[in-house]
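To start, the structure itself, in structure tokens.
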Amino acid sequence: MTCFECGGEIIRKTTSFIMYDTDHKPVLFEDVEAGECTQCGEKYLDGHTVEKIEKILEGGASGSTREIKVPVISLAA
Ligand SMILES: [Zn+2]
């Protein structure tokens, strides 16, 4: 499989990333099995992983047992 963005090689990786739930609250997903482009870093999720994530986001991440604080930086002059 090659990257749709740049044609680079896709490798399987366990990764983490932030998504937003239906209330626009950020949710950090850990230990996500995904493909990642070795050139541009574009991530590719499996269909069943996307379904799982969508279900969790719709439920407001109610199964969460931990929270993190995220720094906020404004670039406004
Ligand atoms: Zn790429």
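Observations on the structure shown:
- From the list 42, 9, the lone residue that is within 13 Å of the ligand (Cβ to nearest atom), without any contact (Cβ under 8 Å) to a residue 40 or more places away in the chain, in contact with an Asp or Glu (Cβ under 6 Å, 6 or more places away or on another chain) and of a type outside the set (S, T, N, Q) is 42.
- Summed over segment 18-68, the residues that are of a type in the set (Gly, Ala, Ser) and either in a strand (DSSP E or B) or open to solvent by 90 Å² or more (accessible area, probe 1.4 Å) (or both) give a count of 3.
- Those residues of segment 12-39 which are farther than 22 Å from residue 68 by Cα and either away from the ligand (no atom under 13 Å from the Cβ) or free of Cβ contacts under 8 Å to residues at least 24 places away in the same chain (or both), in sequence order: 12, 13, 34
- Each residue in segment 2-40 was checked for being in contact with a Ser or Thr (Cβ under 7 Å, 6 or more places away or on another chain) and among the charged types (D, E, K, R), and 5 of them qualify.
The values are calculated or read from the model by the stated rules, or taken from the named source; none is laboratory data. Treat the numbers as computed from the prediction; the structure is a model and nothing was measured. Glycine gets a Cβ as well: all are built from the backbone with ideal geometry, and neighbour counts include every protein chain shown. Side chains are part of the model used for accessible areas, which takes the heavy atoms of the whole protein and leaves out ligands, DNA and RNA. Shrake-Rupley method; radii C 1.70, N 1.55, O 1.52, S 1.80 Å.
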